[in-house]
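All remarks here apply to the structure that follows.
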Amino acid sequence: MRWTAWEPSAIPSSRRSPDMAESEITGEPDVLERQPEAFVAGARLHDVGGVLLPRPFKIRRVGHFGYNCLDIDRMLDFYVDGLGLIISDQSGRMPGRLPPDEQATLSDNDRLLHFTRFGSDHHQLVFISQKVWDWVGQNNGSAGASINQVTWQVGSLAEVVNGSEWIWGQGERLLRSGRDMPGSNWHTYLFDPEGHINELFYGMEQIGWDGLSKPSEMWSGVLDERPSLPQISETGEVQRAAGAGLDLASGHRVDPRPDQHYEVDGISMSRPFKIVGIGPISLFVDDLPRAEAFYTRVLGFTVRERLSSSGYDGLVLHSGAEYFTLALYESGLRGILGLPDRADSMALGFRVANYRHLRSAVEFMCARGAQEVRVPAELVPGFDYVTHLKDPDGNLVQLYYYQRQCGPADPPTPAVSSSAAEWPEVIEAPPDVFGGQQFLGPWE
Ligand SMILES: [Fe+2]
């Protein structure tokens, strides 16, 4: 069953991204032009799980984020040994694509992609050597970027695939679609108008109490083209691997924690705080109206508040109840804040478990040499106590324990109490549909 509002055919070669897989060259010529008025007005609705939406996908939450690192050793020390992120896997696949003379310039940690997490998602922050990224990104214009991905979870694999087709139909620039390993998530990558790489994904591998990632032998599911639907479930893949005699306990296991001598709200822990959430993501942009148009009309974010600081404008946007999920700031603020020219982002947010954790985290990190940076309050609306630390590459970590939650202004619609057998096949979307707590991993 196809849920897209149009059937694919040929897309002109001039609209292709250089890295696009052949299977992504689809789309109907007469819907290739951007038509923001049409879908803003709801003229073209899409069936997303029986709910009619203006796009064939809905961003549910921040999934993960990635930094390209000038000093990957110090970045890992800051985020893993300092903030307590957990390494879930390390892969040499991408660095292995560099020619031997380039590889000879890499340190041991440069030769790996480092996937880290604080929760059960396989990865929530990814570290890649800047040298590796610049070589790999030389053909798609992303060399020099300090961010390798800004990643959003959508609701299903169908939303990833149909969303990819629809985004292409809006005239946006896709990078590639498929599935990456490790992490097992199905995805599509696309550029925003500023060149920031966004990703929509479904089905992130979940890591449980034993701290085990999937065995590398299961990474054979890498796919560099848009998947045909349906695809095998994760349960099916695991059953298949077990049936082939694979040792399911042979994947990366979480490294042992150092001494757990901090008593933290009744628990013995290795540091006096715990990161429990990621986001918001704050980006610098050169053309704010153009970026706003992309993130609202294409990705479906809603503007929560417009702001200005030191003569520069910005805005914060949301995809759910959080006050903001994403912030866009004019890039002139980069110098005002003393951030390096290479910084694509103003900050990456991390929520800690409570207010005491927040104070303890700052004390703990500053004792390790981190520098606290004062960011004007008008740039971070929706928080109370919030601070920023500078990481070794000069990126800002936004630390907080609370962010305001918001609901629609209108009262809730009355519950439909008739028999489900009488309900329509598809329904109009409530204003905050698919908001709230999200399911994390693959469905099965
Ligand atoms: Fe990703």
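A few comments on the model shown:
- Test: residue in segment 174-184 that is farther than 22 Å from Glu292 by Cβ, in contact with a strand residue (DSSP E or B) (Cβ under 7 Å, 6 or more places away or on another chain), of a type in the set (Gly, Ala, Ser) and assigned to a strand (DSSP E or B): yes
- Checked against (1) in contact with a helix residue (DSSP H, G or I) (Cβ under 7 Å, 6 or more places away or on another chain); (2) at pLDDT below 95, Leu307 passes all but condition (2).
- Of note, Asp192 does not satisfy the criterion of being in contact with a Lys or Arg (Cβ under 8 Å, 6 or more places away or on another chain), more than 12 Å from the ligand (Cβ to nearest atom), in contact (Cβ under 8 Å) with a residue 12 or more places away in the chain and of a type in the set (Asp, Glu).
- Selection count, segment 195-231, where residues are hydroxyl-bearing (Ser, Thr, Tyr), more than 16 Å from the ligand (Cβ to nearest atom) and part of a loop (DSSP other than H, G, I, E, B): 1
Results for (1) closer than 13 Å to Pro392 by Cβ; (2) within 16 Å of the ligand (Cβ to nearest atom), shown as yes or no for each residue.
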position: Arg60; (1), (2): no, yes
position: His64; (1), (2): no, yes
position: Tyr67; (1), (2): yes, yes
position: Leu76; (1), (2): yes, no
position: Leu85; (1), (2): no, yes
position: Ser88; (1), (2): no, yes
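- Residue in segment 257-273 that is within 29 Å of Ser142 (Cβ to Cβ), hydrophobic (A, V, I, L, M, F, W, C) and buried (at least 17 other Cβ atoms within 10 Å of the Cβ) present: no
- In segment 146-160, the count of residues that are outside the structural domain of Pro392 (by TED's automatic domain parsing) and out of contact with any Phe, Trp or Tyr (no Cβ under 8 Å at 6 or more places or on another chain) is zero.
- Qualifying residue in segment 62-75 (condition: aliphatic (A, V, I, L, M) and closer than 30 Å to Val433 by Cα): yes
- Selection from segment 104-143 of residues that are without any contact (Cβ under 8 Å) to a residue 60 or more places away in the chain, of a type in the set (S, T, N, Q), away from the ligand (no atom under 16 Å from the Cβ) and outside any loop (DSSP other than H, G, I, E, B): Gln138
- Here Glu234 clears all of (1) touching a helix residue (DSSP H, G or I) at 6+ places or on another chain (Cβ under 9 Å); (2) closer than 30 Å to Trp168 by Cα; (3) more than 16 Å from the ligand (Cβ to nearest atom) except the condition numbered (1).
- Criterion: in a helix (DSSP H, G or I) and either within 17 Å of Leu283 (Cα to Cα) or outside the structural domain of Ile147 (by TED's automatic domain parsing) (or both) - qualifying residue of Arg359, Arg342, Arg351: Arg359
The values are calculated or read from the model by the stated rules, or taken from the named source; none is laboratory data. Owing to the predicted nature of the structure, the values given are computational and were not obtained by experimental measurement. A quick note on method: Cβ atoms are made from the backbone with ideal geometry, for glycine too, and the neighbour counts reach across all protein chains shown.
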